[in-house]
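The values are calculated or read from the model by the stated rules, or taken from the named source; none is laboratory data. Since we're looking at a predicted model, the values are computed, not measured. Positions of Cβ are backbone-derived with ideal geometry, glycine not excepted, and every protein chain shown enters the neighbour counts. Heavy atoms of the whole protein, side chains included, go into the accessibility calculation; ligands, DNA and RNA do not. Shrake-Rupley method; radii C 1.70, N 1.55, O 1.52, S 1.80 Å.
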Amino acid sequence: MQLLDRSLRLDYAGYYDRLNGWKRKNIEFREGELDESLLYKYCGLWMNDQIYRLLMEIEKHLTDSGLYRREAKHHFLEAKKEMRRYNALLPSRHNLSDERFAEVMQNMEDLLKPSLDILCFSVSQQLLHHDLTGELNSLLSKIVVVGMLSAANKVIVEHFREETARLVGVPSPHLDFLYMERLKDDMSRLDAALFPTLQGIDLTESGEVMKAFDGAVRKMTSKKEFRKAIM
């Protein structure tokens, strides 16, 4: 009877919480040679690489147009700080040599950049309909595309978490370092500070923008294109 009483007092819920906590902390996906199983990770890495490139271009636009000041400067510097945090983590999150990693990123650039350029152009064209031209058009187009890439990256990371939950019972945080939520929020604040009269415009209502975005995402998540990049 005493044994039965002790058995009834077992903390089953606590045990499974601790077990799941251990899994989340210790599940690692050790990379061997690059193969198709790493498509989503490297897709996310490439998107963040593009976000970094676009941030540098945004900074130049802000400087050239005389807008790199006050509230806009503050929000941009916060976004840049988030990018520095990510870049500091990056070397420890892949097992490639610097040369091989740079080669893969460049290969992906060669294969995927044209579809991203189409997206930037489509956003720019839509902004022309709202009488935004020249330097300001280029600036806002890139801010918008940074937001879209951040959102796409989040979807990829969430998909990975769902897949690992399905396979091992708990979502793995292995790709969480790719999230750019804070940077995306800073870009939204920068957008609002620079273009208050354009707030409320939904570019997703444009069929051309969404067609270009869907095309870019399909290309980025194509196993065929990824195979070419890692050959």
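Is there a quick way to get the dipole size of segment 137-231? I mean about its Cα centre, with the Cβ of Lys and Arg at +1 and of Asp and Glu at -1; what is the value in debye to the nearest 20?
Taking the Cα centre of segment 137-231 as origin, the dipole is about 540 debye.
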If one computes the Cα centroid of segment 119-140 and of segment 152-231, what distance in Å separates the two points? 21 Å
Hydropathy at least 0.0 by Kyte-Doolittle, axial extent at least 24 angstrom from the Cα trace: which helices of the chain, defined as entire DSSP H runs, fit? 98-128, 134-168
Number of Lys-Lys pairs in segment 41-198 under 24 Å by Cα, sequence gap 8 or more or different chains? 28
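How large is the dipole of the chain about the Cα centre if only Lys and Arg carry +1 and Asp and Glu carry -1, each at its Cβ, rounded to the nearest 20 debye? Don't skip to the answer; put the middle values down first.
Working: 34 positive and 36 negative charges, 140 e Å.
Using only the charged Cβ atoms, the result is roughly 680 debye.
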Ranking by accessible area, most exposed first, for TYR179, TYR42 with a 1.4 Å probe: TYR179, TYR42
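Determine the per residue accessible area of the chain with all protein chains present and a 1.4 angstrom probe, expressed in square angstrom. Please report the intermediate quantities before stating the final value.
Working: 13180 Å² over 231 residues.
Counting only protein heavy atoms, the per-residue value for the chain is 57 Å².
For the chain, with all protein chains present and a 1.4 Å probe, just round the carbon and sulfur fraction of the accessible area to a whole percent.
Values: 7040 of 13180 Å².
C and S fraction of accessible area: 53 percent.
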